[in-house]
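K.L.:
Quick one: the structure is below, questions incoming.
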Amino acid sequence: MAIFGNLKDISLLDLLPLLSGQQGKLSLRPKRGAELLLFLNNSRITCAKKGEAALPPHRVEEELFGLLDRPEAEFAFHIGDRPDRCLGRLDLRLEELLLKLSTLRDEIQSVAGALPLPDTVFAFADPGRAEGDPELRDFVRLAWSQLERGTSARELAGLLGMPLDRVRYLFYKLRALGVIQPLAQSPRPGRRGIARQLLGLLKRRFRTWSWSH
Amino acid sequence: MEPLKLIVTGPVGAGKSTLIRTLSETEVVDTDALASEAIGKATTTVALDHGTLRLDGHLLHIFGTPGQDRFDFMWEILAEGALGVLLLVRADRPETLPAARNILDFVVSRTQVPHVVGVTHLDRPQVWRPEEVALFLGTPPERAVGFDPRDREEAVKPLVRLLELMGA
Ligand SMILES: Nc1nc2c(ncn2[C@@H]2O[C@H](COP(=O)(O)OP(=O)(O)O)[C@@H](O)[C@H]2O)c(=O)[nH]1
Ligand SMILES: [Mg+2]
């Protein structure tokens, strides 16, 4: 007997509480990317691996967050399996983690239409304004050199290994606080002549509209 | 002569299709030979609003594109050499303003194409004024123009403002 299936049918938010009393290994295989292994014991994640690498707590959060919205990912739970070796043991309480992840997801969904587009380039306006919020402050430190010169959510998500929507959400918050702003390009020069010419032609064509303003 | 391109973008219902239909002298179609001449073959399979306006020797192509992230890829092709971007916003739908601002941020940070904001639906009972829309979008008030895209003489207003700002 085994607990297995696909996250597109059984969401992580249903699966993890189900397993929280168990001891064993949860394998998550997204359609693309490496397998994620979570070792559970006593309602905690005690070790997490992606490929060969052991993951620190914030990376576990990022990985699970990326799996929240029912992507195609096979899962299988192997009862009783323990990590043979774990560099970097964890003590992440599943309940807290789930609460945090679902809150974050709700936040993102509540502003979904307002998230900056993935390729919009942002740069610092006033980095000091992120100091009040520990999460934003940490993110700003991680992304400091990119935000100094200008970067997009897509670029940062790739560089930092974070889910794109998470970065868009952080950008959304940072922009609202005035920490970052879009980095404007200067308009393409040398089109004054054609603009004037077209304007003259338009004014001859459209006569009835009053041109005074 | 190189084809001139004007991009019309904005949230759903802002009046993009209406504007292109009003301004255009050709049938508005999503795929045709003129379109592929102006934006390249690859994109012509994507349903875009397209119309043209002939001004003496110049043929102005007008392309409408939805402002959504899954169309990011089209911008690279559309924006290349484009004369300008008209971002349309409904004055009576403040809930679409954040999405409009995201489109404008994208245009400003990813392209060198100048923009004008066309504010539509000003005939509705409760509306944001064009300068208030500009304030929200973070663009100077002279870049926002109120107009009714259903009317031929009105429809040309944002284009005129764009050309005035470019020619100044
Ligand atoms: N009352 C009013 N209706 C408008 C105005 N501009 C556009 N419309 C209408 O709004 C609807 C949506 O316009 P459409 O061009 O389809 O928007 P699109 O989604 O941006 O292409 C159409 O029924 C238009 O006739 C306006 O200024 N006032
Ligand atoms: Mg339309």
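K.L.:
Using just the helices of chain A, give the 222 nm mean residue ellipticity in deg cm²/dmol: DSSP H runs with n ≥ 4 each add -39,500 (n - 2.57), and the total is spread over all residues, rounded to 500. Before the final figure, lay out the partial values.
P.N.:
Numbers: 8 runs with 85 residues, N = 213.
So the calculated ellipticity at 222 nm is -12000 deg cm²/dmol.
K.L.:
Report the normalised scattering of segment A:1-154 as log10 I(q)/I(0) at q = 0.12, 0.13, 0.14, 0.21 Å⁻¹, calculated by the Debye formula with identical scatterers on the alpha carbons.
P.N.:
-0.61, -0.70, -0.80, -1.37
K.L.:
Out of the total accessible area of the protein assembly as shown (probe 1.4 Å, heavy atoms of protein only), what percent is carbon and sulfur?
P.N.:
Details: 9170 of 18200 Å².
Percent of accessible area from carbon and sulfur atoms in the protein assembly as shown: 50.
K.L.:
Next question. How many Cβ atoms of partner chains, on average, are near each residue of A:187-196 if near means within 10 Å of its Cβ?
P.N.:
On the way: counts 9, 9, 1, 0, 9, 4, 2, 7, 10, 5.
Counting Cβ atoms of other protein chains within 10 Å of each residue's Cβ and averaging gives 6.
K.L.:
Quick check for the protein assembly as shown: number of Lys pairs with alpha-carbon distance under 24 Å, counting only pairs 8 or more apart or on different chains?
P.N.:
For the protein assembly as shown, the number of qualifying lysine pairs is 21.
K.L.:
Same structure again: How big is the antiparallel share of DSSP beta bridges in the protein assembly as shown, given as a percent to the nearest 5?
P.N.:
Numbers: 38 of 58 bridges.
Bridges in the protein assembly as shown are about 65 percent antiparallel.
K.L.:
Suppose all protein chains stay in the model; what accessible area per residue would a 1.4 Å probe give for segment A:48-161, in Å²? Write down the numbers at each step before the final one.
P.N.:
Working: 6070 Å² over 114 residues.
Here the per-residue accessible area is 53 Å².
K.L.:
Right, next: Return the sequence-ordered ³J(HN,Hα) values of segment B:4-11 in whole Hz as given by the Karplus equation 6.51 cos²θ - 1.76 cosθ + 1.60 applied to θ = phi - 60°, using x for Gly and Pro.
P.N.:
8, 10, 10, 9, 10, 9, x, x
K.L.:
Follow-up question, since we're still on this one. Non-local amide H neighbours of A:ILE3 (under 5 Å, H modeled in plane, Pro and chain starts lacking H): which ones?
P.N.:
Under 5 Å from the amide H of A:ILE3: A:PHE77.
K.L.:
Within 10 Å of each Cβ in B:100-113, how many Cβ atoms from other chains are there, averaged over the peptide? Don't skip to the answer; put the middle values down first.
P.N.:
Details: counts 0, 4, 10, 2, 2, 11, 8, 5, 7, 14, 8, 3, 6, 4.
Counting other chains' Cβ atoms within 10 Å and averaging over B:100-113 gives 6.
K.L.:
Compute the relative contact order of chain A as a whole-number percentage, counting only Cα pairs closer than 8 Å that sit 6 or more residues apart in sequence.
P.N.:
Working: 299 pairs, mean separation 40.1, N = 213.
Dividing the mean separation by the residue count of chain A yields 19 percent.
K.L.:
Return the long-range amide H neighbours of A:GLN23 (sequence gap of 5 or more, or a different chain), with a cut-off of under 5 Å between placed amide H atoms.
P.N.:
Here the answer is A:GLY80, since their amide H atoms fall under 5 Å of that of A:GLN23.
K.L.:
Would you list B:LYS16, A:LYS31 from the most to the least accessible area, probe 1.4 Å?
P.N.:
Numbers: B:LYS16 30, A:LYS31 160 Å².
Ranking B:LYS16, A:LYS31 by accessible area, largest first, yields A:LYS31, B:LYS16.
K.L.:
Taking each residue of A:179-185 in turn, how many C-beta atoms of other protein chains fall within 10 Å of its C-beta, and what is the average?
P.N.:
Going residue by residue through A:179-185 and averaging, the value is 4.
K.L.:
Another question about this same structure. Please report the buried accessible area for the interface of A with B, total over both chains, probe 1.4 Å, in Å² to the nearest 100. Show your work: numbers first, answer last.
P.N.:
Details: alone 13160 and 8620 Å², together 18200 Å².
Buried area between the two chains comes out at roughly 3600 Å².
The values are calculated or read from the model by the stated rules, or taken from the named source; none is laboratory data. Bear in mind the structure is a predicted one, so any value in this text is a computation, not a measurement. Every residue, glycine as well, gets a Cβ built from its backbone with ideal geometry; the counts of neighbours run over all protein chains shown. Side chains are part of the model used for accessible areas, which takes the heavy atoms of the whole protein and leaves out ligands, DNA and RNA. Shrake-Rupley method; radii C 1.70, N 1.55, O 1.52, S 1.80 Å.
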